[in-house]
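In what follows, a single structure is set out as C-alpha cells and then discussed.
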Amino acid sequence: MVDTQTHPRWWSPRGIADLLEMLVVGERPSHRRHGARPQRAARAGVRKVRIDGTRVVWRSRIGVPGELRVDEISQVLLAHVDYGRNGFWGPPLLAFVLSRDGAVLLRIVAGGSPRAAGPEGRRRLEELWSDAGIPTAWETTSLLGRAKDYRRRWPEAFTFAHAYPVATTGMALAAWILLAVPVLERGAGS
C-alpha cells in the first residue's frame with residue numbers, strides 16, 4: 001500500500017499545485033543554493049570568446065569587454081534552451097560557465113542556426129574548454145529545458161523578461177493602458 005502522505009498523487013491538491021508551479025513559474029531546482037544571489041552573469045557569443053593563457057576573454061554583443069581567470073571556473077555546462085517559440089532553427093545551444101560555488105559567471109550562446117546549434121557549435125564549444133582543461137558536461141537535470149526552468153536554478157543567467165516573455169509583454173501592455181493612455185487622452189482633450 002502506498003502512503004499518500006509521502007507519495008502524493010498528481011490529482012491530489014499538492015500534486016496539482018506542483019504541476020501548476022512547474023508550468024507557470026518553472027521547474028523547481030533539485031537543490032537549494034545558500035548565500036546571497038550572485039551578480040548578473042556576463043553574456044557573449046561563442047565567436048567572441050577566447051582563452052588567452054590563464055584568462056577567458058570576451059566581448060558582449062554590444063562590445064563590452066570582459067575577462068575571467070580560468071582557475072575561477074569549475075566546469076562548463078552545455079544545454080539547448082527552449083524559449084517556447086524558437087523559430088526556424090530550433091533551440092539555441094548555450095554554455096553556462098560555472099564558478100566553484102555553482103553560480104553562472106558567463107553565459108555563451110553558440111547561435112540559432114542549425115550549424116551553430118548542431119554538431120559544429122557543440123564541437124566549437126567543447127574544444128574551447130577542453131584546450132584549457134576545463135571539464136564540460138551536458139545539463140540534464142531540467143525536464144523541459146525552458147529558459148524559466150534555468151532561471152529558477154541560475155537567476156543570474158537569465159533576466160525576468162528573458163525567462164517570461166509573455167508575462168513581461170502583458171505587464172508592459174497593462175502599464176501602457178493604465179499609465180500612458182490616460183495621459184495622452186488628457187493631453188489631446190485640452
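Collect the residues in the stretch 151-180 that are under 21 Å from residue 98 (Cβ atoms) and in contact with a helix residue (DSSP H, G or I) (Cβ under 7 Å, 6 or more places away or on another chain), keeping them in residue-number order.
So the first thing to find is which residues in the stretch 151-180 are under 21 Å from residue 98 (Cβ atoms), and the list is 151-159, 162-163.
151, 157, 158, 162, 163, listed by residue number.
Taking only the stretch 110-162 into account, find how many residues are buried (at least 19 other Cβ atoms within 10 Å of the Cβ), small (Gly, Ala, Ser), part of a helix (DSSP H, G or I) and modelled with pLDDT of 80 or more.
1
Give the stretch 81-109 a look and list any residue that's touching a Pro at 6+ places or on another chain (Cβ under 7 Å) and either at pLDDT 80 or above or open to solvent by less than 10 Å² (accessible area, probe 1.4 Å) (or both), or say none.
If the condition is that a residue be touching a Pro at 6+ places or on another chain (Cβ under 7 Å) and either at pLDDT 80 or above or open to solvent by less than 10 Å² (accessible area, probe 1.4 Å) (or both), then 81, 103, 109 are the ones that fit.
Those residues that are outside any helix (DSSP H, G or I) and open to solvent by less than 50 Å² (accessible area, probe 1.4 Å), I need them from the stretch 163-190; list them, please. Can you show your working first?
The initial filter retains those residues of the stretch 163-190 that are outside any helix (DSSP H, G or I), namely 164, 190.
Result: 164, single match.
Quick grid of which residues meet (1) open to solvent by less than 50 Å² (accessible area, probe 1.4 Å); (2) at pLDDT below 85; (3) of a type in the set (D, E, K, R):
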site	(1), (2), (3)
29	yes, yes, no
34	no, yes, no
49	yes, no, no
68	yes, no, no
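The values are calculated or read from the model by the stated rules, or taken from the named source; none is laboratory data. Since the structure is predicted, the reported quantities are computational estimates derived from the model, not experimental observations. Cβ coordinates were reconstructed from backbone atoms using ideal geometry, including for glycine residues, and neighbour counts include every protein chain displayed. Note: areas computed on protein heavy atoms with side chains; ligands, DNA, RNA excluded. Shrake-Rupley method; radii C 1.70, N 1.55, O 1.52, S 1.80 Å.
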